[in-house]
Amino acid sequence: MDTQPVKAATRLYFTTAATTALTAAAFIIDVTYIRPSQLSSKQIWFGLLLGVAALYTHVSLRADYIYYRRMAKHGCAPPKRIPDDPTGIRWILSIATAIKQNSLLERISQLLLEMGHTFQHRIFPEWNISISTDEPENLKTVLATRFDDWDIPRHRVRGFHPVLGYHSIFTVNGPEWQHARATLRPAFVRNQLADLERFDLHARKLLAKLPSRNDAQAVVDLQDLFSRLMVDTTSDFMFGQSTDLLGSADADSLTFVKYFDASMHKIARRARLGWLTQLQGDKELDEQGQGAAGAAAEEKKDQKEENRYVFLDRLIDTGEPDDVVRDQVLSIFVAGRDTTTSALTSLFLELSQRPDVVHKLRDEIGALGIEDPSSASQPPVALNSREAIRDTVLPRGGGPSGEEPVFVPRGTIVRYQPWCMQRRKDLYGADAEEFRPERWETIRPTYEYIPFNAGPRICIGQQFALTAIAMTTFRILQAYQHIERRDDRPPVRKLGINLSMLHGCWVSMTPA
């Protein structure tokens, strides 16, 4: 007989009885001996606090008992659990500290290495467990083979809605998600992305901002320039009119970027720390979200090239309400700007420290494809999550060996970690954390490598991103023979919705 349900039942009954007795005793002692008199407001609040603590303990232990009992019926084994943290208070404090110190990815990566690539924990004040994993078979199950068992988590929907709204493809599930995906797909069809001249136009504007022969010692922040490049490119393709941040941007364009950047970092933190951080309103975030949405709405211009496909026109022609149009417009900017900026920055940060790779790429520039070698260890979306909408099972992570299936009850959040997985030495070799593009000549990963997610929710903008990366890389390496990092500070990754570099990517560049 499995002992886990028995142990959970014992903990439930014993702790409930003990907590009830101690709570009652503490209240009686306070009223009778410490502060004897008519009940004061402080004593009433003290009693309520004790009662809430006792109730929370009971509900948490009961949830454990129910979990282990149902787990046994499914023939599963529990994953390892974060020790000495039954309520999840230590977890949320440690995660908040890691976010503040920009070390969250390293913290989670170390935990996954120590715990066997799948572990469970709580996030206070929730009593349901959460599961973290970087196991490819689990990701395949969540994203593809049991796709219908999973939704975008409710805490992410609540966290994102001040900026992306309730209709964004990143915040909806079920039929509404299918409708949003079908609405956005025409913007990314292959024949629209085949307009390489349009990509090249913006790549050449970027080159104009880079050092020339007359100022070869100049230092530039490529991350900032890549961000502007992708806003210009995305707005041009989607709205028929570029924001022209690499040229003479107007006030509306600058306002949009300002509000968009500030609000996206805030909602990422709120979504990552759970619903407790979302209880208190954030007036500044609301203003930033409204500012970003309002500025985005102004990006539709009257002067466009005739006979050119403009996605915003097609979206408006569908008759969708204004709030739906706004939410989808902002979704496109998230997908079109941030992820590609992150990939380009990671790539050129590595290239600025690897002149041998720059030399080889320049030699092969004529045959350069659209594969992005930087995403192997630095995927732009470093962390992601799903919520089980029915009882389901993950194939691996349970038991002492981590090889047994894991029971996942409805309402459980599973956080999967592409950044950690794509740096695993047992999957990519001892040099997994090194920048070595040649590794792709011999390996053919499947769910071990998901820079664009996978399954039905695979990124519909991946061809757009790869084309932008290829054209930008081609033009820069065609024009510059040396790229050298010029920043004495260690590279620090900043985790928002997507990955960025805290201090940017400061380099000097020698023209060819």
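Students often check this: by mean Cβ neighbours within 10 Å, which of 139-147, 485-493 ranks highest, and how do the rest follow? The partial results should precede the final answer.
Numbers: 139-147: 19.3, 485-493: 13.1.
With the highest mean Cβ count within 10 Å placed first, the list reads 139-147, 485-493.
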List, in order, the whole-Hz ³J(HN,Hα) value for each residue of segment 336-341 obtained from phi through the Karplus relation with A = 6.51, B = -1.76, C = 1.60 and θ = phi - 60°; use x for Gly and Pro.
x, 9, 5, 5, 5, 4
Where does each of 319-329, 385-395 land if you order them by average Cβ count within 10 Å, highest first?
385-395, 319-329
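Going through the cross-link list 258/494; 360/494; 80/140; 209/266; 425/494; 205/258, which pairs have a Cα-Cα distance over 28 Å in this structure?
Too far apart for the 28 Å limit: 360/494; 209/266.
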Protection proxy ranking, peptides 331-341, 468-478, average beta carbon neighbours within 10 Å, highest first:
331-341, 468-478
Nonlocal amide H pairs with residue 398, under 5 Å, H built at 1.01 Å
403, 404, 406
As an exercise, use a Förster radius of 60 Å and the Cβ-Cβ distance of residue 74 and residue 201 to find the FRET efficiency, rounded to the nearest 0.05.
0.60
Using a basic spin-label model with each label point 7 Å from the Cα along Cα→Cβ, how many nm lie between residue 390 and residue 489?
5.0 nm
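Using 0.36 nm per residue of separation minus the Cα-Cα distance, give me the extension gain between residue 84 and residue 100 in nm, one decimal.
Stretched fully, the residue 84-residue 100 segment lengthens by 3.5 nm.
Summarise the long-distance tail of P(r) for segment 80-220 by giving the % of C-alpha pairs beyond 26 Å.
Distances greater than 26 Å cover 54 percent of the Cα pairs.
Only the coordinates and a few stated rules stand behind these numbers; no lab work does. This one's a predicted model, so the numbers in the text were calculated from it and none came from an experiment. Quick reminder, even Gly has a Cβ in these numbers, built from the backbone with ideal geometry, and neighbours come from all protein chains shown.
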